[in-house]
1. What is the Å³ per residue value for the convex hull set by the Cα atoms of segment 491-619?
2. With r as the distance between the Cβ atoms of residue 212 and residue 315 and R0 = 51 Å, compute the FRET efficiency 1/(1 + (r/R0)^6) and round to 0.05.
3. Using 7 Å Cα-to-Cβ label points, what is the residue 72/residue 35 separation (nm, one decimal)?
4. For 54, 546, 335, 460, what's the largest-to-smallest order of accessible area, 1.4 Å probe?
5. Work out how much length residue 476 to residue 432 would gain on full extension: take 0.36 nm times their residue separation and subtract the Cα-Cα distance, in nm to one decimal.
6. Please check which bits of segment 419-441 a label hung off residue 362 would reach, taking the label as a point 7 Å along Cα-to-C-beta and the cut-off as backbone N under 19 Å.
7. What FRET efficiency comes out for the pair residue 370/residue 519, r = Cβ-Cβ distance, R0 = 30 Å, nearest 0.05?
8. Which one of 288, 328, 266 has its Cα pushed farthest toward the positive end of the charge dipole of segment 190-347, where Lys and Arg give +1 and Asp and Glu give -1 at the Cβ?
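The values are calculated or read from the model by the stated rules, or taken from the named source; none is laboratory data. Computed from a predicted model, the values in this text were never measured in an experiment. FYI the Cβ positions are ideal-geometry reconstructions off the backbone, even for glycines, and counts take in every protein chain you see. The protein model used for the area step is the full one, side chains on, heavy atoms only, and it has no ligands, DNA or RNA in it. Shrake-Rupley method; radii C 1.70, N 1.55, O 1.52, S 1.80 Å.
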Amino acid sequence: MAALLHLVAFLIFWITSPSHGQDELPAIKFFTLEQQPKDTLIGKMSDAEVLKTDVPAAEFNTLTFQLLDNGDTSSRVSVVEQSGNVYLAKVLDREALCGYLLNCQFTFDVAVRTASNSYINILTAQVTIQDKNDHVPIFPSSFVNLQVSENDKATKYTIAPAEDRDIGNFSVQSYEIVQPSDIFDLEITTNPDQSVSLQVILKKELDREEQNRYQFHVVAKDGGEPPNSGTLSIAVEVLDENDNYPKFLESEYSMSVKEKAAEGTIVLQVLATDKDVGVNGQITYRFSPHQQGLEQIKEVFTINTQTGEISLSTILPANPGKVFQFYVDASDQGDQPKVTQQQVMVTVVDGGNNPPELLLSYIVTSDNGVMNISESAKNATPLVHVRVDDSDSGLNGNVSCTINDTNFTLQPVARKGFIVMTNNRLDREVVERYYVTVFCEDKGSPPLSSVVNFTVNVTDENDNIPRFSKGVYPATLVENADEGGVVTQVSASDDDIGRNAQISYYLHDDSVSKFAINSHTGVVTANMKFDREVNPRITFRVLAVDGGNPQQTGTATVVLSVTDINDNAPSFNSSRIQMMVGENLDPLTKVGELKAVDLDEGNNGKVVYSLLGNVSRDLPFIVYQDGVVRAKDTLDREVQSLYTFHVLARDQGETPLETNISVTVLVTDDNDNSPVFVFPNDSNDTVSIGYLTETPSWVTKISADDRDSEQNKAIVYSIRHGNDLQLFSIDPYSGDIYLLNTRMISEDTVIRLTVSAEDNGNPRRVSTHSLHVILVYTNATSLLSTTENSSNKYIIISAVVVVLTVILSAVIIGLILFLRRKDQRQEMARKFSSSIQNENSSYLENGKMCYGEKQDHSDSNGDLYKQKKKKEVSFSLDEDLDNVFDISSVSAYNSSKHEAEKMKSFQTPLTYDPQTIQTLHLHQLLIQNQDDRKEKSHKKLNVKSPHDDISDTSGETTTSDSGRGGSDMDMPSCTNIPDDAKAFNFNNSHHGYRSSPGSSSYLTCGPPTEKEESDLVKSRPVSDIYTISSKQKDFKHLTPRENFERKHNLQSSAQKTRDSDSTRQKPSDWSPSYV
């Protein structure tokens, strides 16, 4: 009661409010599908535009909503007071509410106010109920029987259309015959009021005598997805037309009758048949009314109009030999009767010879002369007994009988006539009724005859199996169609009649779970949804069972093809695809081909390909619709070697499905880049090394870079030109260049090498560059200092020995004298060597080999030059010995005759006088003696490397001799001084110098260990190892100069280089110097 009062007060307040009386607000529109469950949200009153504009924002959340009672419409919805949400109060049926109206709507009012009542209004909402495909087309009757005359042509028969309570596209949209044929068709006409007229069209004439019944189905479908359908079964009964003439059983009727035969005597019987049925097949007989002498014929004969028996209407007049010839009409009872005529001839014979008398006695039960015999009766079944009597004698009484149908035979009975028996198994489906005539004739002259007629009716037995109109019924069904869809209709016929021909249809056990069949109509429907991709073709059997006892069963096969819908998207075998293409190929080169699989068929399974999304214009690939990927332009791997893009695969169904995949294209390398030298290069192509550096010694490392990859990037280095004297070797893989031989020069000499870097591609690419190697001239005076240091050492030893012991003084003095004598012999050898040097010294000037003493070309420094030359005399013998005895530069590296000749052509021939040759022979003997002793006493020394602060050249900045002679540091030692430590670290690894264990500051003299030697061999190509290995293992292959220095424990002249070389780095971090 309080709520009612509150509502009344609210209405009064709204009526009196200023807003009342204003223009009516537009209705708020909501839409909902029919058959939605109760409490389905269909909209919000709070979304009304008028509330958003008229209600202050601060009070908007205080709005309350109340549904006003509008009668029946307000009971269909409910409104939440606080939120204004509108819900369905019950399930709405559009067809029940609006029938066939296109727009099904109803309205309701809602009162709206704020908590402060500053805003009060009544809003109207309009709900539109949208149709749902929830009804199926229904025909007024599920079965229609049409009667069609067999002679009708192009006749139309109207049938009631199906009705669908839905509207619009969900109403009936199409009709079709389930099994189209060339006999029947549909004509659909849309009337002005949008109603439909449905007519069955007869496309050609029917022949009842060929088939008297047809049956088919009409399916009505709406426009839903999937569509709903209704089925109408139509049976067509073919009505008979009088289109067949009666046909006489005999082509000629002739009979002889005795004169004076009694009235009523049956002369003969004419019989005719008609294929039509009913009155059209009922036959009557008469004498043809248009023949001449009809009245005279009727005076003698009469005819039974129903049976066709012709009998005498009076006593036959005695007129032997007279022939009565007349015509009998057989006429059916159609509206326009059809008549057939047959001639009959009756001959009057002499009465002295009487015709045989025939009497029928039925063995099988008969009805008015008609006997019924089952078609299952055995052969030779007796039917009737024909008794033959002839009172005549002789030939006149000799009677013979025949029967007109071969399906029957006459079995003679002695003196009692004949028994008519079946001669074959009778088949009702072949002949249903037989008209049998027994003809008996005596042997008189003329012969007299008599006939007797009877009818045999063959009754049906269930001896025929129902036969389907087709052995195989093809059918189609859309995949995923709803259950109950019509698959096909089967029909069978049975040649039997009655109950034996009543057919019921069943499914074989192998398909009862998938399909259903109407036992009366033979319509097959689906019990489940079918997936074409799982089973595109389904074969099952249907049975036709008749009503006989025992029942007969016929079988047919239904082959159902499940038609495709686009329910499968294209798919790839992998989640991503990788392709490879070579660089530098022509534009439009095929990169690869995409293959997606779509299990659908036809256009639904036809896949086209395209690039996905906004593809960069820089992407150098084209994807064709057939999946072929081609390169738009020539690719360069060095610019970009990997491309990734996405390709869309889409089928061609009406509603296409699609998928995409990532494609990666790897550009493979082509050997299209030549190696580029890093060193040497155009700005840095010079290195320097002391010409007396111990050999083999590392000079520099050349390097090149190739932008290609893999084997195309692998570089092999070689010296192409400038190494005719084999002074250098190169590691083909690392690019390290080594000095192999010492070249005697007297000033800095530049050797220009042409080095090459060749990749391993196909074809190979080669780059060359010039490398300038400066052999730096170095002055060595260690030989003289060796003698002085040795002398001082022996004196000190002698003095110490004298001080320590007087007893051993004599022994020590003797030893000292012995050693002094030995030194004197060595000094003598040096003097010989100095004299030879003065005569045969050679030097390299301006790239040419010169011999003799070098001339001083400087005025100001002439004296100084001569002084330096005097100090260099001690080494002149060694230099000449190198030139004379050092054949390693020729024979060790140029073993072939060609290379030896080449070296001979390079050197200037020398001639020596006999005295010089003798001196050289002596010098060689001394060297060999010292060499033998050296090899026997090979010592290991561990000496800490001191700083070179007291050597001859420690304070000089030029390459000239200090003039102070050899220092103590010039004595033979395995210790590297700091000035040349870096240079010798590399060389020592090849010449028996090893670091002492546990210390990096000491080196140990001696041959390399087996492990060091093995590592050295493994790290070098075989081609380079042979040039070094001989010097690592055997001192016999050393040059005479090296042998000389080793015999006298002299520091190798190759270790002393110019001051600029003292800071040479190790090979790993060495960088070339600039000149």
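1. 173
2. 0.55
3. 2.2
4. Putting 54, 546, 335, 460 in descending order of accessible area: 335, 54, 460, 546.
5. Using 0.36 nm per residue and subtracting the Cα-Cα distance, I get 11.7 nm.
6. Within reach of a label on residue 362: 419-422, 432-438.
7. Approximately 0.25, to the nearest 0.05.
8. Sorting the options by dipole projection puts first 266.
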